[in-house]
1. Using the structure shown, decide if residue 92 is crowded, with 23+ Cβ neighbours inside 10 Å, out of contact with any strand residue (DSSP E or B) (no Cβ under 8 Å at 6 or more places or on another chain) and over 17 Å from residue 236 (Cβ atoms).
2. Which of the residues that make up the stretch 131-170 are more than 19 Å from residue 394 (Cβ to Cβ) and part of a loop (DSSP other than H, G, I, E, B)?
3. Out of 176, 149, report the one residue that is closer than 17 Å to residue 190 by Cα, out of contact with any helix residue (DSSP H, G or I) (no Cβ under 7 Å at 6 or more places or on another chain) and in contact (Cβ under 8 Å) with a residue 60 or more places away in the chain.
4. Among the residues of the stretch 253-268, count how many are touching a helix residue (DSSP H, G or I) at 6+ places or on another chain (Cβ under 6 Å), part of a loop (DSSP other than H, G, I, E, B) and either modelled with pLDDT of 95 or more or surrounded by 24 or more Cβ atoms within 10 Å (Cβ to Cβ) (or both).
5. Among the residues of the stretch 113-132, is there at least one that is buried (at least 17 other Cβ atoms within 10 Å of the Cβ), within 21 Å of the chain's Cα centre (by Cα), more than 26 Å from residue 198 (Cα to Cα) and assigned by TED's automatic domain parsing to the domain that holds residue 90?
6. Only one of (1) under 26 Å from residue 28 (Cα atoms); (2) in a helix (DSSP H, G or I) fails for residue 200. Which number is that?
């Protein structure tokens with residue numbers, strides 16, 4: 001009897017292996033996405049230009065068109081009364097969990113922060129003045145995204161933290177998101193979203209001051225808009241649709257592996273990918289997917305993502321599994337290989353976050369452990385990293401010579417300047433050493 005998700009298997013022993021593998025790589029490749037999505041990129045570019053030219057008027061039009069909410073420019077920003085009310089309405093147990101998560105993230109981000117270590121005389125760190133957090137909120141409230149982007153900025157000492165999110169809850173932002181912002185001391189929140197919100201923050205409008213940096217997860221329109229305005233503002237990475245790559249062997253629990261695949265597929269879009277050299281594990285995971293998916297609240301959408309974006313990759317050896325993992329460069333990478341998990345994890349060079357062992361599901365990182373869950377996607381972990389507190393500072397080189405030092409090095413500096421044909425450069429040194 002054919003298993004429901006048998007088509008997602010990519011088996012090296014099968015004739016269609018290369019074709020399926022190429023399709024999987026293309027589906028999750030940044031370069032392939034940019035090469036094949038000219039229409040989306042063009043639409044995003046037009047939105048960004050329109051906001052630049054028409055400001056608040058264009059922003060209001062796009063908010064009505066894409067979010068279904070008609071707002072005047074004066075209504076973009078959420079008033080303080082609504083934020084305080086949202087905070088007061090939070091379930092006490094949820095608020096307690098939010099506070100614990102905040103403390104965990106604050107501790108981790110403080111421990112890795114370099115900006116308070118101005119001990120080297122050759123460099124000085126300063127916090128960015130104003131940053132924007134893009135908080136997804138169209139399908140469900142994501143207070144964790146507020147925590148994982150805001151706390152690193154707070155640790156870095158950013159003075160002005162702005163948040164934007166979709167007004168999809170009764171014409172406003174979901175109260176859980178607003179309440180979490182209020183808990184963190186964020187008071188400037190705008191009910192705008194998508195490419196139009198990114199453009200407004202990058203250019204500034206009549207009512208919204210521009211920012212220095214934009215961070216946060218989001219769909220392709222948001223991430224492509226951030227890419228479009230890079231240079232007007234800074235960013236961290238391309239944090240688009242979520243994925244998890246699970247490296248597992250015969251020691252893994254197939255029910256747990258299936259649950260971990262489903263945890264990313266339920267993002268819709270999202271992808272759960274297993275890579276293993278164990279045929280028995282692969283077969284049992286397929287059985288578990290079939291059983292577990294129907295028990296989910298979002299069963300239909302999750303099943304669709306399994307079929308469209310996910311995979312069970314069956315290779316010949318553990319060495320091939322590791323090579324695949326490094327080439328795929330996943331956003332989340334889980335290693336479930338029993339007592340060998342840590343040893344194998346040490347061989348993984350390309351991943352946004354690495355989760356070691358059977359008892360470390362991605363959800364631990366999403367909500368609790370401390371590292372930010374805002375991670376690079378579409379195989380960009382080969383050169384991008386997770387959001388950290390160090391992303392919210394900038395450095396200035398500090399150079400100070402006295403008369404003696406300049407005269408000692410005068411001839412070499414002048415020689416190099418003249419070699420480049422820059423006589424005035426050379427003269428600016430010579431005139432001090434005559």
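1. Working: crowded, with 23+ Cβ neighbours inside 10 Å: no; out of contact with any strand residue (DSSP E or B) (no Cβ under 8 Å at 6 or more places or on another chain): yes; over 17 Å from residue 236 (Cβ atoms): yes.
Spelling it out, it is not the case that residue 92 is crowded, with 23+ Cβ neighbours inside 10 Å, out of contact with any strand residue (DSSP E or B) (no Cβ under 8 Å at 6 or more places or on another chain) and over 17 Å from residue 236 (Cβ atoms).
2. Selection gives 136, 137, 138, 139, 140, 141, 142, 166, 167, 168, 170.
3. Numbers: 176 fails: out of contact with any helix residue (DSSP H, G or I) (no Cβ under 7 Å at 6 or more places or on another chain).
That would be 149, the only listed residue that is closer than 17 Å to residue 190 by Cα, out of contact with any helix residue (DSSP H, G or I) (no Cβ under 7 Å at 6 or more places or on another chain) and in contact (Cβ under 8 Å) with a residue 60 or more places away in the chain.
4. 0
5. Yes, some residue in the stretch 113-132 is buried (at least 17 other Cβ atoms within 10 Å of the Cβ), within 21 Å of the chain's Cα centre (by Cα), more than 26 Å from residue 198 (Cα to Cα) and assigned by TED's automatic domain parsing to the domain that holds residue 90.
6. Unmet for residue 200, out of (1) under 26 Å from residue 28 (Cα atoms); (2) in a helix (DSSP H, G or I): (1).
Yes/no matrix, rows are residues, columns are (1) in contact (Cβ under 8 Å) with a residue 40 or more places away in the chain; (2) within 20 Å of the chain's Cα centre (by Cα); (3) outside the structural domain of residue 161 (by TED's automatic domain parsing); (4) on the phi < 0 side of the Ramachandran plot:
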| residue | (1), (2), (3), (4) |
| --- | --- |
| 316 | yes, no, yes, yes |
| 320 | yes, no, yes, yes |
| 330 | yes, yes, yes, yes |
| 341 | no, no, yes, yes |
| 371 | yes, yes, yes, yes |
| 376 | yes, yes, yes, yes |
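The values are calculated or read from the model by the stated rules, or taken from the named source; none is laboratory data. This one's a predicted model, so the numbers in the text were calculated from it and none came from an experiment. Counting neighbours? That spans all protein chains shown, and the Cβs are built from the backbone with ideal geometry, glycine included.
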